[in-house]
Each structure stands twice: as C-alpha cells, then as structure tokens.
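One structure is given below, encoded as structure tokens.
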Amino acid sequence: MTEIRGIRSIAVDVQDLDAAEAFYTQIWRLEKTGAAADARYFHGTSRHHHIVSLHRAGAPAIRRIDFDIATRDGVLALHERLAGFGAQSPHAIAAPGGGFGFGFRDPEGRNFAAVWGGEQRSEAPTPDRPHKVTHVNLNAADYDGTTRFMTQALGLKLVDETIRARFLHAACGDHFSVALVKHSVATLNHVAFDMCDLDSVMRGAGRMKDAGHPIEWGVGRHGPGNNVFAYFAGPEDFPLEYTSEVLQIDDTYVPHGPDFWKFPPGRTDQWGVTAPPSEKLARIQQMFAFVEGGHLI
Ligand SMILES: [Fe+2]
C-alpha cells in the first residue's frame, strides 16, 4: 500500500495574481488562508491548510502537485524509493502551512512533493464550496514508463483502464487520486475539486457560467470512478473540474480494462446528456507544462 493518501494541494503559476485570487475566492469558492511574497494560499473545507497556492510568474504553468502523506515515517519510506528522482532531503517546510516533506521530479519532468503534518483545519463539507482536490489528471508521453513510476515508485494502485486513461488509487477511499492520459506531451490535463453533492456541482456550474466561464464538458457522469463532472477554463485558461460522488472503494474492488469501459457511439459519459468536450477544453488540457525547479519546497 502506498504512503500517499491523496492530493494535499496544487501550486499554480499565474500572470495576474489579483485576478486569479478574485476568481478562486468569489467564483470557485475557496477561502484565502495566507499570503507570502508573490504567493497566495486558499483552503477548501478539508483539513488541509491550503489546497491551492497561486504564484506570480511570467507565464501560466503548473508549478507542483503536493501529495498528502499520513505519517512522518511514510515520508521517509517514500523518500527511500525516490532517491534516484532528484528528491530533496526530507525537511521542515518553511512555506505557509508548514509540514515535513520533500520535493521530487518524475521521469517526465513533473514536479511533486510528499508532505506530512503542518497546520490542520477542521470544517465540515459545505454546500457550494470545494472540499479538497480529489484528483489530478496528467498527460503522459511515456505512458507505460510513467505508469511504472506511479505504481512502483509511488506505490499507487492501477484500478481501472480505458482506451486512453489509467486510474490510480491512493490510500483513501476515493476510486482514484491520479489519472494518466495517453498523450503526446507530459503536461497537466486537469485538476478536480470535490463538491459535497450533485446540487453543488450544478450550482457551481451556474455560477461559473454567470461569470463568463461556460461549461466546456458536462454536466455528466464518468465511467471509471462514477463521479459527476463539469469542466471549465479557469483563470488564464487553467483546466478545472467540479466533481462529486466519486466511487468509494476498498481492497475488494475489481478493476476493469478498456473492453469494459466503453460508451455507446455518440456518448462521452453515462447519462448521454452532455455534448462532447469543447475544442477549447481539448486545447487547454495540454498546454500547462510543469515549470523547471518547481519541485523545490
Ligand atoms: Fe477529472
């Protein structure tokens, strides 16, 4: 079993920090929890000090994805398996939220960190507010190599596979915390935020539409994971998803492959109500690269 119990936070580079802060607080419904030089931090309703950090930069990019580790020993155990991947030594993190962990880069240059502890919060899931980052989808040019890294080095468990994506389960109930998408570039596909119910996804979709961020795909229900989804272009076209009702699984879950996970012709989800993903979504789901050095925490 992996030491990773899900996604702790994402770090995003933005050109217009004030505009991005206004979006994530007023429309996406996170709350600001802190600021540092050229950086701002936002929490959902989960225990994490922040689930998004924004960093002023010359170009939009994904800076880093931080994994949530349950124990200090878990950080050390994971670090032993990542010695060959440019991993920092485990250390006390000075940035807001704190914690103990280290950054590393995967073989395709994605930036990650593994972090335990730090400031914790306590709040119940609330309608219309994101609870946590429930999954990240990553495009992989070396699809099989990245799958091996994620399963063997990180210890994530491959639970389902479609013709173009692999779903990786961490040490929590959620069906998946990371998905790999077969692609030509190793970039970010999208980041999904857990809402407490379908009604909150629908209300969020309306709020986004009113604010000039129309639904780019959805509202629908995925196959693997069974989660409800609505996709949007966020600030500076960052690919975002509101989701809810992700399937909760345990060790008895029976994985399936591409022959099982098929939709009838003309459908892209279980319900058959949504149009296919927009051209804009397809474009922004490949354009966010990981910045050099973004693994340093
Ligand atoms: Fe997703």
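Observations
- Evaluated with a Cβ-only charge set (Lys, Arg +1; Asp, Glu -1), segment 190-265 carries a dipole of roughly 280 debye about its Cα centre, given to the nearest 20.
- In segment 233-282, trypsin sites (Lys or Arg not before Pro) in a DSSP loop with at most 13 other beta-carbon atoms within 10 Å: Lys262
- Applying the Karplus relation 6.51 cos²θ - 1.76 cosθ + 1.60 with θ = phi - 60° to segment 188-205 yields 3J(HN,Hα) values of 7, 8, 5, 10, 10, 10, 7, 9, 6, 6, 4, 4, 5, 5, 5, 5, x, 5 Hz, where x marks Gly and Pro.
- Heavy-atom accessible surface of the chain: percent carbon and sulfur, 1.4 Å: 52
- With an a/c value under 1.5 for the gyration tensor axes a ≥ b ≥ c computed over the alpha-carbon atoms, the chain is described as rounded.
- Per residue accessible area of the chain, 1.4 Å probe, in Å²: 40
- About the Cα centre, charge dipole magnitude for the chain (Lys/Arg +1, Asp/Glu -1 at Cβ), debye: 80
- Three-way shape call for segment 207-297 based on the alpha-carbon gyration tensor, with the a/c threshold at 1.5: oblate
- Applying the Karplus relation 6.51 cos²θ - 1.76 cosθ + 1.60 with θ = phi - 60° to segment 132-138 yields 3J(HN,Hα) values of 7, 7, 8, 7, 10, 10, 10 Hz, where x marks Gly and Pro.
- Per-residue [θ]222 nm for the chain (sum of -39500 (n - 2.57) over DSSP H runs n ≥ 4, rounded to 500): -3500 deg cm²/dmol
- For segment 63-79, the Karplus equation 6.51 cos²θ - 1.76 cosθ + 1.60, evaluated at θ = phi - 60°, returns couplings of 8, 6, 10, 9, 8, 8, 10, 6, 9, 4, 4, x, 4, 5, 5, 5, 4 Hz by residue, with Gly and Pro reported as x.
- Segment 225-297 versus segment 38-63: alpha-carbon centroid distance in Å: 21
- Spacing of the two label points (7 Å from each Cα toward its C-beta) at Ala77 and Met287, in nm: 4.2
- Note on Met150: accessible area approximately 0 square angstrom, rounded to 10, probe 1.4 Å, nucleic acids and ligands left out.
- The charge dipole of segment 1-131, taken about its Cα centre with unit charges on the Cβ of Lys, Arg, Asp and Glu (plus for the first two, minus for the last two), comes to roughly 120 debye.
- Cα gyration tensor shape for segment 106-255, rounded if a/c is under 1.5, else prolate or oblate: prolate
- In summary, the lysines within cross-link reach of Lys280, defined as a Cα separation below 22 angstrom excluding same-chain residues under 8 places away, comprise Lys182, Lys209.
- Lys/Arg +1, Asp/Glu -1 at C-beta; segment 4-116 dipole; positive extreme among His49, Leu78, Gly103: Leu78
- FRET efficiency for Trp271 and Arg56, using Cβ-Cβ distance with R0 set to 51 Å, rounded to 0.05: 0.80
The values are calculated or read from the model by the stated rules, or taken from the named source; none is laboratory data. Fair warning: this is a prediction, and the values are worked out from it, not measured in the lab. In this analysis, Cβ positions are derived from the backbone assuming ideal geometry, glycine residues included, and neighbour counts consider all displayed protein chains. All accessible areas refer to the heavy atoms of the entire protein, side chains included, with ligands and DNA or RNA removed. Shrake-Rupley method; radii C 1.70, N 1.55, O 1.52, S 1.80 Å.
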